[in-house]
1. Go through (1) in contact with a Gly (Cβ under 8 Å, 6 or more places away or on another chain); (2) crowded, with 17+ Cβ neighbours inside 10 Å; (3) assigned to a helix (DSSP H, G or I) for residue 342 and report which single condition fails.
2. Just to check your reading of the model, which residue among 163, 219, 182, 195 is more than 26 Å from residue 341 (Cα to Cα), hydrophobic (A, V, I, L, M, F, W, C) and touching a Cys at 6+ places or on another chain (Cβ under 9 Å)?
3. Could you list, in sequence order, the residues of segment 79-138 that are farther than 16 Å from residue 151 by Cβ, open to solvent by less than 10 Å² (accessible area, probe 1.4 Å) and in a loop (DSSP other than H, G, I, E, B)?
4. Of all the residues that make up segment 139-168, how many are open to solvent by less than 20 Å² (accessible area, probe 1.4 Å), assigned to a loop (DSSP other than H, G, I, E, B) and under 21 Å from residue 81 (Cα atoms)?
5. Take segment 169-219 and flag every residue that is of a type in the set (S, T, N, Q), within 16 Å of the ligand (Cβ to nearest atom) and open to solvent by less than 10 Å² (accessible area, probe 1.4 Å).
6. Can you run down the residue pairs with Cβ atoms below 7 Å, 6 or more apart or on separate chains, where the first is in segment 303-326 and under 28 Å from residue 173 (Cβ atoms) and the partner is among the aliphatic types (A, V, I, L, M) and part of a helix (DSSP H, G or I)?
7. Could you check segment 131-148 and list, in sequence order, the residues that are away from the ligand (no atom under 15 Å from the Cβ) and under 26 Å from residue 307 (Cα atoms)?
Amino acid sequence: MKGRSLLMIPGPIEFEPSVLAAMGEATTGHTAANFVEAFGQALERLRQVFLCPDGQPFVIAGSGTLAMDLAGANLIEPGDKALVINTGYFGDRFAALLARYGAEVVQVRAPVGGRPPLEEVAAALGQARYKLITVTHVDTSTGVITDVKGLAALAREHETLIVVDGVCSVAGEELRQSEWGVDVALTASQKAISVPPGLALLVAGPRAMAAFRTRKAPVGNYYADWGNWLPIMEAYEARRPAYFATPAVNLVWALNVSLGQILAEGMEARFRRHHALGRACRAGLAALGLGQVPLAPELAANTMSAPRLPASVSGADLLKYVREAGVILAGGLHPEIRNEYFRIGHMGPTSVNDVLATVNAIESGLARCGYHFERGAGVAAAAKAYEE
Ligand code: PMP
């Protein structure tokens, strides 16, 4: 497409034409038979994508922050203790949000680019009785991936709920909600789920639903109250229309199309493909001599990368030159290191060719910034790593 740029930020991403076409279908009412069928099917498919056959899915108009709000509003009662595993900007957000609902929040933090070791989390869990812990699977401000499986095992041991912010991970990174014992996993439409921004998506497991049903205080948020939404989700899954608040009809169509594509690829294949994309991007950047915000290779996510800028290169200049080479990347987000790094998204329909084009555009930008490296080394390393 003439004049087209490649959007490679960590959300929103580029979407499949068939998903965008669903957005353009003639809007029907929320009681129309074709909408009821699509919504019901999307709810069933969401369970499969989250690998949570016994979970309750919620699809609600809003962004990822609403999905976080749904977890906080419905699970926290004033005075509950919450433990936030903080690996960046979105850990800060969860802590603030839980406090707003009256939680006593304790945080376990790592230095920027790190993640708290399981032993440290276990020690914190040993010191008080927590109603829930939250963890960001991939913090989009650092590109750090957390050990959700290990943390969920700790949560089970300490009989606390675990809520996973999977906004930058679900449908990209390996996440097995039921098998790992994750009580709530949440995301938004615009990342690896591969649907334009506007839907909050959440799957609550049986322990989370039980905690909601036995709460004593009313939910302190009207729109987010699962009591309002549960009958709606149950009705659509039973192929009956229901109303609490108008659903985002066209986004739900697009969601159903994308979930169908995700399941056609298969979750295992999808996890493997994202792994290969992440490996390719990291190898390409390493060959150019760029470091990463994650402090060790095993802490780096597969859905995005957070490369450090060489000391001589300004992020604003680099991203401008990369954009002139046809690729849009994102600047830094974490307040402590905002000007020291940049961010690349590689999730959803992203192909290895997109990653190679991105590394090539970064090479072009670095060269224009006067940085010395072997031109072509990044692209070659990325292509080789993808094949491995
Ligand atoms: N959590 C994470 C890990 C995110 O990356 C984001 C968005 N970048 C959010 C939460 C918030 O999502 P939204 O911007 O859609 O509200």
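The values are calculated or read from the model by the stated rules, or taken from the named source; none is laboratory data. Given the structure is predicted, the values throughout are model-derived calculations rather than measurements. Virtual Cβ from ideal backbone geometry, glycine too; neighbours counted across all protein chains shown. The protein model used for the area step is the full one, side chains on, heavy atoms only, and it has no ligands, DNA or RNA in it. Shrake-Rupley method; radii C 1.70, N 1.55, O 1.52, S 1.80 Å.
1. Residue 342 satisfies all of (1) in contact with a Gly (Cβ under 8 Å, 6 or more places away or on another chain); (2) crowded, with 17+ Cβ neighbours inside 10 Å; (3) assigned to a helix (DSSP H, G or I) except (3).
2. Numbers: 163 fails: touching a Cys at 6+ places or on another chain (Cβ under 9 Å); 219 fails: touching a Cys at 6+ places or on another chain (Cβ under 9 Å); 195 fails: touching a Cys at 6+ places or on another chain (Cβ under 9 Å).
Going through 163, 219, 182, 195 in turn, just one is more than 26 Å from residue 341 (Cα to Cα), hydrophobic (A, V, I, L, M, F, W, C) and touching a Cys at 6+ places or on another chain (Cβ under 9 Å): 182.
3. Passing the criteria: only 113.
4. 1
5. At the first step, the residues of segment 169-219 found to be of a type in the set (S, T, N, Q) are 169, 177-178, 187, 189-190, 194, 214.
From what is left, the residues that are within 16 Å of the ligand (Cβ to nearest atom) are 169, 187, 189-190, 194.
Across segment 169-219, the qualifying residues are 169, 187, 189, 194.
6. These pairs meet every condition: 305/285; 307/285; 309/318; 318/366; 322/361; 322/362; 326/361.
7. Taking segment 131-148 and keeping what is away from the ligand (no atom under 15 Å from the Cβ), we get 131-133, 147.
Selection gives 147 alone.
Yes/no matrix, rows are residues, columns are (1) in contact with a Lys or Arg (Cβ under 9 Å, 6 or more places away or on another chain); (2) within 24 Å of residue 210 (Cβ to Cβ); (3) within 13 Å of the ligand (Cβ to nearest atom):
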{"residue": "64", "(1), (2), (3)": "yes, no, yes"}
{"residue": "68", "(1), (2), (3)": "yes, yes, yes"}
{"residue": "71", "(1), (2), (3)": "no, yes, yes"}
{"residue": "82", "(1), (2), (3)": "yes, yes, no"}
{"residue": "96", "(1), (2), (3)": "no, no, yes"}
{"residue": "111", "(1), (2), (3)": "no, no, no"}
